[in-house]
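All of the numbers you see were taken from the coordinates with simple rules; none came from a lab. The structure presented is a predicted model; accordingly, all values stated were derived computationally and were not measured. Positions of Cβ are generated from backbone atoms using ideal geometry, with glycine treated the same way; all protein chains shown enter the neighbour counts.
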Amino acid sequence: MKKLLALFLAGAMMLSLAACGGDDTKETEAAKVTAADTKAAETKAADTKADETKGAGEEKPAGNGETYKIGLAAMLTGDNALNGERMQKASEMVIAQYNEAAGYEKFVLNTEDDLTTNEGALTAVQKLISDGCLAIIGPHRSSAALAVSDTVAEQQVCVLVGGTSVAIDGSNNYMFRTRASDAIMATVAATFCKDTLEAKKVGILHASDEYGQGGADAAMAFFDAQGIEYVDCPHNVNDVDFTSAILECQSAGCDTVFTWTHDAETAIIYQQLATYMPEVNKIASPGLTLDNVLNLCEDNWVDGAYSVTDFISTSTDTVAVDFVKAYEGLYGETPDLYAAAYYGAAVTICEAILACEEAGEVTPQAVRDAIAAGETKTLPTGDFYNDDANNLVHSCVIAKLNGKAPEFVQSVSE
Amino acid sequence: MSTMVFQLLITGIAYGMIYSLVGIEYTLIWNSSGLLNFSHDKLITLGAYIFGGSMIIKMNLDNPIAIVLTLAIMGVVGALLAAGIFNRLYSMRSNIFAIIGTVVLAKIISEFIRLFWGSGNMRVSGWLDKTYFIGGFAITSANIVIIIVAILLVAVLEVFFKFTKTGKAMRCVEQNKKAAALMGININRSICITTALSAMICAVIGFLVIPLVNISATMATTIGLKGFCSGVIGGFGYIPGAIAGGIFIGVVENLATIFIPAVYKDAVSFLLLIVFLLIKPTGFLGKRAQGR
């Protein structure tokens, strides 16, 4: 029996190790990106001057044949693993495009799992910095971004985070935000409630963490300024029963429900809204347009609801259409906002490194400065350029759910 | 206001029944092996994934067949866990080893789920998702089924423990392992059967909560914690205590939201746990439990 137990535990450990390992086939697949997708990168790579630059933390000449390390701190396990997988796929796609354009493995993506925890994010970022990465994509969540803030500032290696919290305020010069902030998106949603949905009283169902509270605060500030009444109903992360909050909105006579919460909670809230308040107007945070939320919903729960998001795959914008086509061709699945946002982040870093190479100095500080001063680039989530608060994205999209299909309504810029 | 109270009462009873089942599951393992099984929320999740993720979504089996197969698989999983892990942990010198063992087991099950079914959440369309409107109240089929199944399950367990030879043997082990062994009862076998039964109850809880919380790696985390609270509040180690504690927590935490913001609902349960631990650590039915 002891042997059996030992075999079982050894098997479990092997499974865990396999989970932590990378998938070599992805890189091969990623290398199949079409030449058309890589045109922009090719132009940059062709202009690269040989032997003029220095590697990350190493005083050696760069140029043709030089390899640059880019870090990725992604949520590969834990509560948000599916979204982390999209981060990884989009980043690998960009690296493959730029490597194909360079004609050799110019960029190497070092990936670390942040376990979807703040401690995990800190460990992942520290590891990536010690590995000599020039810049880091991720971590995604606001709280994880704040957890690594001091470290990246001390080590002077920049991170491009997906956290949309208003707490990421641009005070750290080594932290750039690759999605529109909650202040922008929630205010756009609140404005839509007033102007289009003609809300008189709004029920605000939001997570009580950094993300949910940030969005709710921005919306409440807008409603206060406009004299629109609201009912504030926070909930805990991972809550599964929202009956009390929905009944509170119902008894208060809310005509619109504004939800700002995480993916799993969004699906359950929409299920319970369909039971208790089927006729109410609804607008949600970006999660509502994601497949992993919509797959948990019936058509009638979400039909007619609106969502403010970074990106939808049905966008008619040329850059977005090309991106969707390339991503679908590579992975056989439709990209979501995570893929789009981190595609933009990876492109931004690669472009910054190429710019540094041209300038003759490729160090983490130089890459950071190049991102800060970079030219405007049109990417799937809109125009990328840096502002005073280190925000790289300044627009969002309003989508309407037709059944479970998100349809483009309008694009709103800051 | 009365509509709201009634609505919250129904939801509270339904969730309370779920907490009761979790409490019963804790109690069974505790009584049979003296172990606090901190992996049981992952067993609930595993049951839900086997039923929803494999039997229904992938294999497209009929619900009754899927239920029977899942129960059988979970029974085997439970027996294997007992034979391979629990039987060894309970006889170790310190309970700490056993507790760490079950915590690590939870992590292993969690990673297995992620590797086998992927990291996305799942929903079983058409499974207990109807809503009935009676007067001004909305009652979901999930809530009705939860209440009925929980009552039936408790009754079946009662009959099993009182009138079957195996059930009686399990009660003997629960009361005094040494005496039971001297009377010829195979302790390890008894723990295997208890753990198999417990894993099957986890599967039932998994079936029942799918329409409420969907299938995800964290679907049973809060439910698991509150099940533990229900056991303590009702009287740890006593099945009627777990039932009473579960319903009490479910109803109180829901009705409390009339007076306090819903965000503090979980805090109410954990506050009750602390109050009971400080004032009445034996729980509601503690005297009866001690007298047995």
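Phi angles across the range A:118-135 convert, under the Karplus curve 6.51 cos²θ - 1.76 cosθ + 1.60 with θ = phi - 60°, into 3J(HN,Hα) values of 5, 5, x, 5, 5, 4, 4, 5, 4, 5, 5, 5, 5, 7, x, 6, 7, 7 Hz, Gly and Pro given as x. Only Lys, Arg, Asp and Glu carry charge here, each on its Cβ (+1 for the first two, -1 for the last two); on that basis the protein assembly as shown has a dipole of about 4840 debye about its Cα centre. For the pair the range A:90-111 / the range B:134-187, the C-alpha centres are spaced 59 Å from each other. Less than 5 angstrom separates the built amide H of A:PHE384 from those of A:LYS377, A:THR378, A:LEU379, all sequence-distant by 5 or more or on a different chain. Karplus-based coupling profile of the range B:199-213, in residue order and whole Hz: 5, 5, 5, 4, 4, 4, 4, x, 4, 6, 8, 3, x, 8, 10, with θ = phi - 60° in 6.51 cos²θ - 1.76 cosθ + 1.60 and x standing for Gly or Pro.
How high is the relative contact order of the range A:164-262, given as a whole-number percent (alpha carbon pairs under 8 Å, six or more residues apart)? Intermediate results must be reported in sequence, preceding the final value.
On the way: 141 pairs, mean separation 34.1, N = 99.
Here the relative contact order equals 34 percent.
A Cα-only calculation for the protein assembly as shown places Rg and Dmax at 27.4, 87 Å.
Counting neighbouring beta carbons within 10 Å and listing from fewest to most, the residues A:THR243, A:THR67 come out as A:THR67, A:THR243. Remark on the range B:2-291: hydrodynamic radius 19.4 angstrom, per the Kirkwood mean of 1/r across alpha carbon pairs.
When the Cα positions of A:TYR327, A:THR196, B:MET122 are compared along the charge dipole of the protein assembly as shown, B:MET122 comes out farthest toward the positive end, with charges on each C-beta of Lys, Arg, Asp and Glu.
With contacts taken as Cα pairs under 8 Å and at least 6 residues apart, chain B reaches a relative contact order of 36 percent. Going from the residue with the fewest nearby Cβ atoms within 10 Å to the one with the most, A:GLU328, A:GLU298 rank A:GLU328, A:GLU298.
Got a sec? How would B:PHE38, A:PHE408 order by Cβ neighbour count within 10 Å, fewest to most?
Listed from fewest to most nearby Cβ atoms, that is A:PHE408, B:PHE38.
Candidate cross-link partners of A:LYS200 among the aspartates and glutamates, defined by an alpha-carbon separation under 14 Å and a same-chain spacing of 8 or more, comprise A:ASP224, A:GLU229, A:ASP255. Once backbone amide H atoms are built at 1.01 Å from N, A:ASN110 has A:ILE70, A:GLY71, A:LEU72 as its partners under 5 Å, excluding neighbours fewer than 5 places away on the same chain.
Shown in residue order for the range A:384-395 are the 3J(HN,Hα) couplings computed by the Karplus curve 6.51 cos²θ - 1.76 cosθ + 1.60 at θ = phi - 60°: 9, 7, 8, 10, 4, 9, 6, 8, 9, 10, 9, 9 Hz (x for Gly and Pro). For the range B:44-201, the gyration tensor built on C-alpha atoms gives an oblate shape. Its axis ratio a/c (a ≥ b ≥ c) is at least 1.5, and a/b is not larger than b/c. If only the Cβ of Lys and Arg carry +1 and only the Cβ of Asp and Glu carry -1, the dipole of the range B:2-291 around its Cα centre is close to 780 debye.
Pairs of Cα atoms nearer than 8 Å and 6+ residues apart set the relative contact order; for the range A:52-208 it is 18 percent. So what's the gap between the Cα centers of the range B:51-77 and the range A:183-211, to the nearest angstrom? If we compute the Cα centre of each part, the gap is 42 Å.
Once backbone amide H atoms are built at 1.01 Å from N, A:VAL257 has A:GLY203, A:ASN281, A:LYS282, A:ILE283 as its partners under 5 Å, excluding neighbours fewer than 5 places away on the same chain. When chain B is treated as a Gaussian network with alpha carbon springs shorter than 10 Å, the biggest mean-square fluctuation among B:ILE147, B:ILE18, B:ILE205 belongs to B:ILE147.
Ordering A:TYR270, A:LEU296, A:ALA221 by the projection of their Cα atoms onto the charge dipole of the range A:182-309, which places +1 on the Cβ of Lys and Arg and -1 on the Cβ of Asp and Glu, puts A:ALA221 at the extreme positive end. Roughly how many debye, to the nearest 20, is the charge dipole of the range A:182-309 about its Cα centre, given +1 on each Lys and Arg Cβ, -1 on each Asp and Glu Cβ, and no other charges? My answer is approximately 280 debye.
From the Kirkwood radius over Cα pairs of the range A:355-407, Stokes-Einstein at 4 °C and 1.567 mPa s returns a whole-number translational diffusion coefficient of 97 µm²/s. Principal semi-axes of the equivalent ellipsoid, √(5λ) from the alpha carbon gyration tensor of the range A:182-309, are 19, 16, 14 Å from largest down.
Its Kirkwood hydrodynamic radius, worked out from the mean inverse distance over all distinct Cα pairs, puts the range B:117-250 at 17.2 Å.
Set the bar at 25 Å for Cα to Cα. Now go through A:LYS404/B:LYS58; A:LYS127/A:LYS377; A:LYS194/B:LYS265; B:LYS162/B:LYS226; A:LYS325/A:LYS404; B:LYS226/B:LYS280 and name every pair that lies beyond it.
A:LYS127/A:LYS377; A:LYS194/B:LYS265; B:LYS162/B:LYS226
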